[in-house]
Amino acid sequence: MGWLSGKLRLRLAEATRNTPVVEAVHRVTWRKVDARRVSMDKLRHAENLRTRAERIRRHVLERLPDYLEQFVTQATAGGACVHFAPDATAADRIICEIARSRGLRLAVKSKSMTTEEVRLNDALAAADVRVVETDLGEFIVQIDHDRPSHIISPIIHKDRRQIAGAMARELGCAYTEDPEELTSIARRHLRDIFRRCDLGITGVNFAVAETGTLCLLTNEGNGRMTVTRPRVHVALLGIEKIIPRLTDLPVFLKLLARSSTGQAMGAYTTLITGPKRSADRDGPEELHIVLLDNGRSDILAGPVPEVLHCVRCGACLNACPVYRNIGGHAYNSVYPGPIGSLLTPLLWGPSHEELPRVSSLCGACRLACPVKIDIPELLVRLRSLATDRQPRIKRWLLRGWAWGMNRAWRYRLGQRLMRRTLSDDGSGWATRGLGPLRDWTGQRDLPRPGARSFRQLWQEDLGDER
Amino acid sequence: MSGDPRSSAESVTGDRVPTAVRGFVHALRSRTAHIQQQTALPDEPTSALREVNPDAILAARFASEVAAVGCDVRRVTMENWLLSIEEILRGHAARSVLIEPGPETALTPKRAASLRQALAAKGLATMEDPSDDDMFAVDVSVTGVVTAVAETATMVCVSGSRTARGATLIPPAHIALVARSQIVPDLFDTFEQISAWGQMPANVNLITGPSKTADIEGVLVTGIHGPGSVHVLLLDE
């Protein structure tokens, strides 16, 4: 962490010291890592499926304009109204305008990362529309005025006492720490909302170009409620979520739930094609699909387009030793974890460009990713792009390193210097580097340089034995 | 690329693609013109990726997967399926039952009629086409399914003019009648079928087990928004 700015370093140090959170995150992530491994091991063709999923994503993103055009044409023909939002502000404005023009006042929302990304709740509140989160975790985040810390398990950082406290305080119910009871209190509260709501807001897991179909996955059924009860459904769709055909869906479905929770399939996979038909018994009369760019076309045209292959399963978060020890909030982003370290600087710019360095590049995320995104490789690519804006001292040192390694005599000189400066504290490890080097030697096991170099040994002793 | 959302928010006719959307796709095309199209869409048959082969004993696999995802599963025949439903309803102390037949499901309109009759004989009234408020008062719903998947215990339910979206969602308990002949081996098979429907219905649900959450400390709780109990009757026709 030696080269991170003071602000980020402070945030990380604070996060690692927050023992209850670290313990809670450890508990849930390890359970998910195990569940994922068991269910992927059971899958006979896991590797082939991952390869196929990766190829489909790559194929689509190489031809995104064509597939977007096909999707938009099909969705429109199916009766959906498609909008385009170049950025977060535009997305918020479009959705608020839909609510305003139709007099919608009570919105239910199914868990969605894109709506978090554009801070839709704040915009709707400002437009006098009440928004209620309906995913249990997001609901608790909302009533407790907190932030989600995981893209699948938003309250991974909270224990049941905090949840019980928030529910008793905000809903006026009797205090209980029993997860069953807490869940049923939330169910009753949200049922009342579902009976009265007039606007349903969701994200989209996959959008099928061939048919204009939206695919929405939930375990709780809140996604289904959100597309059943209100009279208007608004889906906020990141432009990268397109897949070509209905028959490509099972490739992803087989991998997604396994990667995020270890289930073979989530409880509900909902396929939505247009608003309710005139003869249908229930369902929204209007379907609005808001296509969100918000930096995605820049990413697509830029140096790390593979980031857009992501299906938001959260497996890389669970697998990451860094995430596990700092939790999601330390990333200071809607998207935490390894994938967040890539997405955040790409979506929100230079103020987050240190995030790719919050990684040990161990590669656990790459092995967990259902669409085989080479996250460590992309992290390194982003790091190298940020070089120019790195601390001057690091640039000097790297330049010096390159200079030293270029000539044998400079290298020998460097060796001698290192032997002098990397002193031993008796442990056999170099722990007391000079100046900023101390951060590095303080956290890593660097053997003390030997008294003589290999070349010296070779010339003096070893060479004779030839 | 016009970014004025107001103009696009108001063009809600739904019959033509708004200019802003067209403009964006056009702009994206020129921005990404440098990207080489070198990855072909995988088109090898999915048979090599199947989890369950067609020659497997589908009913047995389906039944065991259904139990594994937390449903109650019963093998029934044409003789005892009505009794089985009565027994489940008694177990839930159901007073309000919703029956939603579908001609393409195992719960045909004719079978639904005999179920209504049998329940009426026990003094149990059943609902048809309930209003919104009544839907929230239903104790147990009974429906058929369009297809079932042996691999994952998934049941495909189509909503529309005959079946409400809420029928398999809002009541706290759901009984699904599945004919043995409706079971396909693999998720790939289901999507081959759906893909061949021609026009997609507005709302299709693939249901796998009861509604569940593990948001509180990772503890699994069923029945958060959808049915907490799902009973699957596997019918030998």
**Fill in**
Filtering the range B:64-75 down to residues that are surrounded by 17 or more Cβ atoms within 10 Å (Cβ to Cβ) and of a type in the set (A, V, I, L, M) yields B:Val66, B:Val69, B:Val73
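Results for (1) among the small types (Gly, Ala, Ser); (2) buried (at least 24 other Cβ atoms within 10 Å of the Cβ), shown as yes or no for each residue.
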position	(1), (2)
B:Leu98	no, yes
B:Thr108	no, no
B:Ala118	yes, no
B:Met127	no, no
B:Asp139	no, no
B:Ala153	yes, yes
B:Val156	no, no
B:Gly160	yes, no
B:Ile170	no, yes
**Message:** Looking only at the range A:64-98, count every residue that is open to solvent by less than 40 Å² (accessible area, probe 1.4 Å) and facing another protein chain (nearest Cβ under 7 Å) and tell me the total.
**Reply:** 17
**Request:** Using the structure shown, decide if B:Arg61 is farther than 28 Å from A:Asp248 by Cα, open to solvent by 20 Å² or more (accessible area, probe 1.4 Å) and basic (Lys, Arg).
**Result:** no
**Single condition A:Thr247 does not satisfy, out of (1) buried (at least 22 other Cβ atoms within 10 Å of the Cβ); (2) outside any strand (DSSP E or B); (3) over 23 Å from the mean Cα position of the chain (by Cα)** = (1)
**Complete:** Here the residues within the range A:99-112 that are at negative phi and open to solvent by 30 Å² or more (accessible area, probe 1.4 Å) are A:Arg100, A:Ser101, A:Arg102, A:Arg105, A:Lys111
**Complete:** Only one of (1) more than 7 Å from chain B (Cβ to nearest Cβ); (2) free of Cβ contacts under 8 Å to residues at least 24 places away in the same chain does not apply to A:Ile193, and that is (2)
**Asked** Can B:Asp132 be described as at the interface with chain A (Cβ under 8 Å from one of its Cβ atoms) and among the acidic types (Asp, Glu)?
**Response** yes
**Request:** Give A:Ser360, A:Ser384, A:Ser341 a once-over and let me know the one that is more than 17 Å from A:Asp298 (Cβ to Cβ) and crowded, with 24+ Cβ neighbours inside 10 Å.
**Result:** A:Ser341
**Request:** Determine if the range A:200-221 includes at least one residue that is over 24 Å from A:Cys313 (Cβ atoms) and polar (S, T, N, Q).
**Result:** no
**Asked** Residue check: is B:Ile183 over 23 Å from A:Leu246 (Cα atoms) and either crowded, with 23+ Cβ neighbours inside 10 Å or more than 13 Å from every other protein chain (Cβ to nearest Cβ) (or both)?
**Response** no
**Request:** Within the range A:137-149, track down each residue that is out of contact with any Pro (no Cβ under 9 Å at 6 or more places or on another chain) and crowded, with 16+ Cβ neighbours inside 10 Å.
**Result:** A:Phe139, A:Gln142, A:Ile143, A:Asp144
**Residues of the range A:29-48 satisfying the condition of being in contact with a Leu (Cβ under 6 Å, 6 or more places away or on another chain) and either more than 9 Å from chain B (Cβ to nearest Cβ) or part of a helix (DSSP H, G or I) (or both)** = A:Asn48
**Message:** If I ask for residues that are in contact (Cβ under 8 Å) with a residue 60 or more places away in the chain, assigned to a helix (DSSP H, G or I) and either under 30 Å from B:Arg29 (Cα atoms) or open to solvent by 20 Å² or more (accessible area, probe 1.4 Å) (or both), which ones from the range A:295-318 would you list?
**Reply:** A:Leu300, A:Pro305, A:Glu306, A:Val307, A:Leu308, A:His309
**Request:** Find the residue count for the range A:267-292, including only residues that are at the interface with chain B (Cβ under 7 Å from one of its Cβ atoms), in a loop (DSSP other than H, G, I, E, B) and over 27 Å from B:Ile224 (Cβ atoms).
**Result:** 3
**Prompt:** Taking the range A:221-274 only, how many residues are of a type in the set (Asp, Glu) and in contact with a Lys or Arg (Cβ under 7 Å, 6 or more places away or on another chain)?
**Reply:** 1
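Which ranges mark the strands (runs of 3 or more DSSP E) fully within the range B:84-176 that have 2 or more residues being touching a residue at least 60 places away in the same chain (Cβ under 8 Å) and hydrophobic (A, V, I, L, M, F, W, C)?
So the answer is B:147-149.
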**Message:** I'd like the full set of residues that are within 20 Å of A:Gly223 (Cβ to Cβ) and either open to solvent by 70 Å² or more (accessible area, probe 1.4 Å) or of a type in the set (A, V, I, L, M, F, W, C) (or both), limited to the range A:157-195.
**Reply:** A:Ala186, A:Arg188, A:Leu190, A:Asp192, A:Ile193, A:Phe194, A:Arg195
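The values are calculated or read from the model by the stated rules, or taken from the named source; none is laboratory data. This structure is a prediction, so every number in the text was calculated from the model and none was measured. Every residue, glycine as well, gets a Cβ built from its backbone with ideal geometry; the counts of neighbours run over all protein chains shown. When the accessible area is computed, the model is the full protein with side chains, heavy atoms only, and any ligands, DNA or RNA have been set aside. Shrake-Rupley method; radii C 1.70, N 1.55, O 1.52, S 1.80 Å.
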